[in-house]
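Reading through the structure tokens given below for one structure.
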Amino acid sequence: MTNLLPTNPLTFRVPLDILSDSLPDLGAFPIDGTAEDAPHFDGPALFIKGSKSRYIQEKHYPMMKRLFTQMEVVELEGSHWIHVDQPLEVMKTMYLPL
């Protein structure tokens, strides 16, 4: 319910129309193949994880690296909801050179 805005009528904070329009592109990423011949993205990819979150684990890094060849993982102090726990640090990590 945190994504609802207190408007009349109620509206979503998340741009549902943009997400809906983007579903074909998001779903077009090929997922067939083995670990060795997995599809990949060669552009820069940034993963920001909370130190207390178990969603991204080091055991996942090899597959992540195969899928995102220029990946970088930045860990900030916080939970899975790192954008809520450390909003300024997340913004700095995303927009300022490391």
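Need the failing condition index for Pro39 against (1) surrounded by 10 or more Cβ atoms within 10 Å (Cβ to Cβ); (2) assigned to a loop (DSSP other than H, G, I, E, B); (3) at pLDDT 85 or above, just the number.
The single condition Pro39 does not satisfy is (3).
One residue is enough: does region 2-11 have a residue meeting the conditions at pLDDT below 75, assigned to a loop (DSSP other than H, G, I, E, B) and either out of contact with any Pro (no Cβ under 6 Å at 6 or more places or on another chain) or within 30 Å of Met63 (Cβ to Cβ) (or both)?
There is at least one residue in region 2-11 that is at pLDDT below 75, assigned to a loop (DSSP other than H, G, I, E, B) and either out of contact with any Pro (no Cβ under 6 Å at 6 or more places or on another chain) or within 30 Å of Met63 (Cβ to Cβ) (or both).
Check Thr93, Thr69 and return the single one that is of a type in the set (Ser, Thr, Tyr) and crowded, with 16+ Cβ neighbours inside 10 Å.
When all the criteria are applied, what remains is Thr93.
Out of all the residues in region 77-89, which are in contact with a strand residue (DSSP E or B) (Cβ under 6 Å, 6 or more places away or on another chain) and either assigned to a strand (DSSP E or B) or more than 15 Å from Arg54 (Cβ to Cβ) (or both)?
Scanning region 77-89 gives Gln86, Glu89.
Just checking, which of Tyr61, Tyr55 is out of contact with any Asp or Glu (no Cβ under 9 Å at 6 or more places or on another chain), part of a loop (DSSP other than H, G, I, E, B) and modelled with pLDDT of 85 or more?
Only one candidate passes the filter, namely Tyr55.
Quick one: in region 15-36, which of the residues that are at pLDDT 80 or above and loosely packed, with under 11 Cβ neighbours inside 10 Å is nearest to Lys92 (Cα to Cα)?
Per the criteria, the residue is Pro15.
Does Ala45 count as closer than 29 Å to Leu96 by Cβ and either modelled with pLDDT of 90 or more or exposed (fewer than 10 other Cβ atoms within 10 Å of the Cβ) (or both)?
So Ala45 fits the description; yes.
The values are calculated or read from the model by the stated rules, or taken from the named source; none is laboratory data. Keep in mind that this is a model prediction, so the values were computed, not measured. Every residue, glycine among them, receives a Cβ derived from its backbone with ideal geometry; neighbour counts consider all protein chains shown.
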